[in-house]
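One structure is given here, and the rest of the page talks about it.
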Amino acid sequence: MSTVVGRLAGPVAGALVAGAFAALFLVTLAVMRLRGARGREATRRAYLFSFGWANWI
């Protein structure tokens, strides 16, 4: 996604999109850890929430 935006709008916009997804992942990971998920399970859940929705497009 950030590659497409970077090509169409410029590298700064692409970096902003990548940073937004990274921030979403880190926030989701923190929430999963607070809810009790640990280790790989927390990472897997955060990944699916942050990036897994792209499979439905």
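The values are calculated or read from the model by the stated rules, or taken from the named source; none is laboratory data. Values in this document were obtained by computation on a predicted structure and should not be read as measured data. Cβ: placed from backbone, ideal geometry, glycine included. Neighbour counts: every protein chain shown. Calculation scope for accessible area: heavy atoms of the full protein, side chains included, ligands and nucleic acids excluded. Shrake-Rupley method; radii C 1.70, N 1.55, O 1.52, S 1.80 Å.
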*Would you point out the residue of segment 14-28, among those that are surrounded by 14 or more Cβ atoms within 10 Å (Cβ to Cβ) and among the small types (Gly, Ala, Ser), that is farthest from the chain's Cα centre (by Cα)?*
GLY14
*Among the residues of segment 9-28, write down those that are within 17 Å of TYR47 (Cβ to Cβ) and outside any helix (DSSP H, G or I).*
none
_Is it the case, given these coordinates, that VAL31 is open to solvent by 60 Å² or more (accessible area, probe 1.4 Å), assigned to a helix (DSSP H, G or I) and modelled with pLDDT under 90?_
no
